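For reference, the structure discussed in these notes is given below.
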Amino acid sequence: MFKHMDQETTNFMEPISWSFPEIEKYDRGRGWYITATVIGAGLLIYALLIANWLFALIIIMIAMAMFINHHSQVHELQFTIDHEGLALGAKNYRYNEIKKFWLVYDPEVAKKIFFVFKSSTRPTLVIPIQNENPVNIRAFLRQYLEEDLEAEAEPFSEAIGRILKI
């Protein structure tokens, strides 16, 4: 009886909405750029010496993507969690498309929500929490989605990207 009443009251929770930068820009010092240039140039020279043209092309493409990313204007994305599903900018995701979610909240390291889709061809959706209350977000999402309680940290690829500032 009480469980039913609690669910009714949580269904009246207001949608949660916030905005965040489309691309995370890292503060990179001069040392980071020198190290990245030396490593990139070294890998490019190695690829050319062993005549691995595809590897050389990949190194050049990565350098170009990082240059464009660094010099591009960052747009704000609006993210909303409501009773219908999720909205990220102009894209909408219904709850029946999402398999599970988990939160990583360590203010000094990472504050993100991860959504895993039922379709294995769709990548995990990663949303920065910014300054939102993770308790409210979790309570709202648990009404509609399964929470992965075993996932306590961000995926390895996210952690490496954050550590290397890429």
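The values are calculated or read from the model by the stated rules, or taken from the named source; none is laboratory data. Being a predicted model, the structure only gives us computed values, none of them experimental. In this analysis, Cβ positions are derived from the backbone assuming ideal geometry, glycine residues included, and neighbour counts consider all displayed protein chains. To get the accessible areas, we keep the full protein, side chains included, count just its heavy atoms, and leave off ligands, DNA and RNA. Shrake-Rupley method; radii C 1.70, N 1.55, O 1.52, S 1.80 Å.
Among the residues of segment 134-151, write down those that are closer than 22 Å to HIS83 by Cβ and open to solvent by 70 Å² or more (accessible area, probe 1.4 Å). Can you show your working first?
Residues of segment 134-151 that are closer than 22 Å to HIS83 by Cβ, as a first pass: 134-148.
Within segment 134-151, VAL135, ASN136, ARG138, ARG142, TYR144, GLU146 meet the criteria.
Scanning segment 114-152 for residues that are touching a strand residue (DSSP E or B) at 6+ places or on another chain (Cβ under 8 Å) and β-branched (Val, Ile, Thr) returns VAL116, THR124, VAL126, ILE127, ILE129, ILE137.
For segment 128-139, the count of residues that are within 13 Å of the chain's Cα centre (by Cα) and either at pLDDT 90 or above or basic (Lys, Arg) (or both) is nonzero.
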